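Here is the structure we will look at, set down as structure tokens.
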Amino acid sequence: MTINIISTGSYAGEKILDNEYFAKIVDTNDEWIQERTGIKTRHICDDITTEEMAARAGESALKKLNIDRSKIGLVILATVSSDTKTPASSFTVAGNLGLKGNPICFDLNAACSGFVYSMAVARSIMADMNIAYAMIIGAERLSKFVNWSDRGTCILFGDGAGCAILENSDLADPEVTSSLDYKLEIEGDYLAGKFDSNRYLTLDSRFSLDEKKYPYIGMNGRQIYKFATDVGVKVIDRLLGDKGLSKDDIELIVPHQANKRIIETLAIKSQIPESKWFVNLDKYGNTSAASIPLALNEVVEDVLAARNVDQMDGKRILSVAFGGGLSYGGFLLKIRKNKTNKKLIGNQNRHQTVDRNI
């Protein structure tokens, strides 16, 4: 049995804030932000919920498949910004998408590692409960938790959602076809955690003694940088070691899109060329659990689509994440030529305009 990613999708808000916007509200400028973070713009969703963003990402992935939606038996929504404590937002997302096969639904909170955690959990559930298809979504509306007067955090975060649809190869329906040239076989995963007694990364929903910070995102950037660049290398080494692979076997790395400096340092410490690290945080900022699926969808739609299918068959993609908790982990994908490829749709129009006067 193998679990494959057979489709991906994404959604980001229509409103875009560039660095000039922040220069008007806090003591900063475009050069300062880009030098320290690598971020140029970030998407903001003022008028729709996390659930709606998640559903739009799910719909984007479903449109690339010819599938009876009742076949999807599992929906996991990775998020720290769910709209309700109960019911879980995943139930609302499943309902909005017309998934009428009574799927298992739950939300998962592992901060920026949420999508990676969800992928590993989904693999296990699909195998143990004989589930043929699953939908894994990372969605965040972090803008509602941003302290817009805090220069250290307000420039970092954006809103967005990404989705992956998984297939259990043993239970796959031959009638289900995809518009994509590839399937991504999940070869392995690794999860770990470390209790953050110092609370270097927080988003409190309880009473806070420091009312100035409640309920905003709080972060010790220096300590998070140290943590991420340490455990990120450990995740890479563990995933490769478990499969007896070398770093030369990796075609592409899709990291959590947290900060340019973190990714640059990981490239140096791991001794994997920076050219192999996929980066789109310049467009989206840090979107927490949505970060990796947003990036993975762009890899599928743009990077892989532009390469020779036969030459890419068998090559590998590695994803690594780190976040609050402190949580960390990753997964390893093998690129497989999709023998059931059916061109269902054309390229989506992604044109959006920058709003500097919000």
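Taken together, the values in this text are just the output of simple stated rules run on the coordinates, not laboratory data. This is a predicted model, so every value here is computed, not measured. Positions of Cβ are generated from backbone atoms using ideal geometry, with glycine treated the same way; all protein chains shown enter the neighbour counts.
Structural remarks
- Residues listed by number, region 51-74, amide nitrogen under 15 Å from residue 83 label point at 7 Å toward C-beta: 51-59
- Positive-pole candidate from 331, 41, 221, dipole of the chain, charges at beta carbon: 331
- A simple count of charges around residue 50, restricted to other residues whose Cβ falls under 14 Å of its Cβ and scoring Lys, Arg +1 and Asp, Glu -1, yields -4.
- C-alpha center-to-center spacing [region 71-132, region 295-325] in angstrom: 22 Å
- Cα-based reach from residue 339 at 12 Å (exclusive), listing aspartates and glutamates while leaving out same-chain residues under 8 positions away: 181, 310, 313
- Each other residue within a Cβ distance under 9 Å of residue 97 adds +1 if Lys or Arg and -1 if Asp or Glu, for a net charge of 0.
- About the centre of its Cα atoms, region 3-182 shows a dipole size close to 220 debye [charges on the beta carbon of Lys, Arg (+1) and Asp, Glu (-1) only; nearest 20 debye].
- 16 Å Cα-Cα reach of residue 15 towards lysines, excluding residues that sit fewer than 8 places from it in its own chain: 40, 144, 283
- Per residue, the Cα convex hull of region 3-182 amounts to 123 Å³.
- A simple spin-label model places the labels of residue 63 and residue 104 3.0 nm from each other, with each point 7 Å out along Cα-to-Cβ.
- Per-residue Karplus couplings for region 269-277, computed as 6.51 cos²θ - 1.76 cosθ + 1.60 with θ equal to phi - 60°, are listed in order as 5, 7, 6, 10, x, 4, 5, 8, 9 Hz, Gly and Pro entered as x.
- The charge dipole of region 210-321, taken about the Cα centre with unit charges on the Cβ atoms of Lys, Arg (+1) and Asp, Glu (-1), comes to about 480 debye, rounded to the nearest 20.
- Among 180, 17, 96 the positive-end extreme of the charge dipole of region 3-182 (Cβ point charges): 96
- Magnitude of the charge dipole, the chain, Cβ model with Lys/Arg +1 and Asp/Glu -1, debye to 20: 280 debye
- Summary of packing: across the peptides 305-315, 326-336, 17-27, 127-137, the per-residue average of other C-beta atoms within 10 Å ranks them, highest first, as 326-336, 127-137, 17-27, 305-315.
- Cα-based Rg / Dmax (Å) for the chain: 19.3, 59
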